[in-house]
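Engineer: The structure follows.
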């Protein structure tokens with residue numbers, strides 16, 4: 001908990017400087033005497049969320065808004081690594097925003113609005129990847145808003161009424177602004193252009209515009225004729241007793257020179273012909289995966305860099321504008337636990353997406369097909385993957401604008417890079433396909449058997465809490481080493497039902513034997529993670545945690561809190577709503593309050 005001492009006058013009414021941050025534990029709060037008679041209190045973040053403590057004495061929420069606090073924000077604020085919400089809004093705080101706020105890597109909400117803060121927005125804020133809300137309006141801030149990280153995703157309202165502030169999402173900075181300012185102070189003789197000169201220039205410009213328009217219309221008609229002649233088809237032939245496929249283009253060489261729309265500088269000059277060459281005409285030998293949205297090919301470019309190319313399934317709708325809009329949105333989403341979209345290309349009816357290549361493929365292959373992957377995951381690696389996947393999903397749910405629901409979270413969509421870091425793939429794909437083809441049913445876009453939450457079968461309505469359920473299944477896979485559906489292991493049941501049955505008998509039988517052989521003392525930590533999975537798998541979506549709450553639980557486990565004695569799971573109503581094996585609970589937040 002963070003206790004803030006106040007040195008205001010006897011009539012302070014909440015005024016005074018922020019003098020000292022002192023860490024104290026929850027059980028010591030009642031022993032703190034009042035510093036002065038003004039009855040100054042620290043308000044903890046209200047609403048549905050209760051004051052949250054963890055065992056190392058850190059406070060997650062700190063709200064000092066709507067007081068008369070003055071002075072500067074102390075640099076020591078950066079020594080509170082577990083701080084999730086910091087609200088100092090509606091005070092008289094002056095000075096600059098400390099660079100050390102950027103050290104609060106777990107910060108989700110920052111409100112410094114309605115103060116007298118000066119200077120620029122620290123570049124360090126761009127490194128806070130969990131930031132979902134920022135409020136800096138109504139200050140005296142100046143300079144350019146850093147064009148990096150989460151700051152690019154927030155609306156203009158969060159920065160308004162700072163007269164010296166500029167840059168996205170506000171007005172542009174630099175020469176345009178200074179030029180317009182200088183223009184207002186130019187000498188009168190600069191405005192003495194004659195009427196004849198103005199009319200002459202106007203006519204000349206109009207003439208050029210008309211000629212340009214005529215040329216553009218003619219060129220457009222030519223391109224349409226060439227486009228109609230484009231024939232993209234698959235050519236099947238036999239090779240070594242197997243049927244392979246390759247692509248051929250006839251009728252228009254221009255298609256080969258179509259540039260990719262890219263989001264990375266090294267790929268700016270990439271063309272459709274380069275993709276054909278890199279995949280040997282999208283030959284089966286280059287195929288590395290297939291999914292509900294299309295096939296994925298491994299491609300080595302001329303500069304020897306390796307990328308993955310997804311060839312989307314053909315759709316019946318037109319959807320060109322929708323496709324481009326969705327691609328531009330997805331291409332801007334960057335996070336260390338997401339597979340980045342590097343570029344895309346449209347050729348005829350084909351839609352090609354270029355992604356960063358993930359060396360070790362999918363978690364499904366690595367976890368369930370060790371002969372194919374050649375990798376054996378110990379618990380440290382599995383824990384790292386679980387946390388990384390949770391972090392990526394939390395980013396999609398809480399940090400993207402608009403928020404993104406994955407709709408098909410599963411182990412085959414969790415890819416592993418060269419460091420075995422989890423990267424979520426196919427985010428935004430379900431929304432893309434539904435936008436491009438309204439004939440696709442919701443059930444087609446709502447997940448994979450074994451991962452689908454029970455409410456989807458009733459409403460077919462996707463939600464963030466549905467993603468949480470699917471993540472819970474992935475976490476069970478990491479803990480048990482079993483697939484979500486397997487007739488040999490479960491018969492007509494699935495992994496969730498199997499775990500529910502074993503929880504009533506001997507819970508240690510749930511865990512992967514390879515993990516228990518590795519280190520028998522792991523059982524306590526495995527039970528802690530099983531508790532998180534069970535909370536995610538509650539049949540009632542409103543009782544499931546958010547992904548930010550899941551991340552908070554992982555942090556508590558890492559800090560050493562959690563299991564002490566009990567080691568059984570109690571269930572009610574056929575779900576996992578009452579998990580008694582762990583002395584910690586996950587706060588409930590109704591769907592409409594997230």
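The values are calculated or read from the model by the stated rules, or taken from the named source; none is laboratory data. Computed from a prediction, not measured in an experiment: that's the story for all the values here. FYI the Cβ positions are ideal-geometry reconstructions off the backbone, even for glycines, and counts take in every protein chain you see.
Engineer: Can you report the number of residues in the range 511-522 which are free of Cβ contacts under 8 Å to residues at least 60 places away in the same chain and either closer than 29 Å to residue 405 by Cβ or not in a helix (DSSP H, G or I) (or both)?
Structural biologist: Filtering the range 511-522 for residues free of Cβ contacts under 8 Å to residues at least 60 places away in the same chain gives 511-513, 516-517, 520-521.
If we keep only those that are either closer than 29 Å to residue 405 by Cβ or not in a helix (DSSP H, G or I) (or both) as well, we get 511-512.
Within the range 511-522, residues that are free of Cβ contacts under 8 Å to residues at least 60 places away in the same chain and either closer than 29 Å to residue 405 by Cβ or not in a helix (DSSP H, G or I) (or both) number 2.
Engineer: Take residue 461 and decide whether it is at pLDDT 90 or above, in the same structural domain as residue 367 (by the TED database) and not in a helix (DSSP H, G or I). Before you say what the answer is, go through the steps one by one.
Structural biologist: On the way: at pLDDT 90 or above: no; in the same structural domain as residue 367 (by the TED database): yes; not in a helix (DSSP H, G or I): yes.
When the stated conditions are applied, residue 461 does not pass them.
Engineer: Right, next: Would the range 325-344 turn up any residue that is in contact with a helix residue (DSSP H, G or I) (Cβ under 6 Å, 6 or more places away or on another chain), outside any strand (DSSP E or B) and on the phi > 0 side of the Ramachandran plot? First the steps, then the outcome.
Structural biologist: Looking only at the range 325-344, we keep the residues that are in contact with a helix residue (DSSP H, G or I) (Cβ under 6 Å, 6 or more places away or on another chain), and these are 326, 335, 337-338, 341-344.
If we keep only those that are outside any strand (DSSP E or B) as well, we get 326, 335, 337.
Retained after the next criterion (residues that are on the phi > 0 side of the Ramachandran plot): none.
No.
Quick grid of which residues meet (1) touching a residue at least 40 places away in the same chain (Cβ under 8 Å); (2) outside the structural domain of residue 364 (by the TED database); (3) in contact with a helix residue (DSSP H, G or I) (Cβ under 8 Å, 6 or more places away or on another chain); (4) in a helix (DSSP H, G or I):
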site	(1), (2), (3), (4)
488	no, no, no, yes
492	no, no, no, no
497	no, no, yes, yes
501	no, no, no, yes
524	no, no, no, yes
529	yes, no, yes, yes
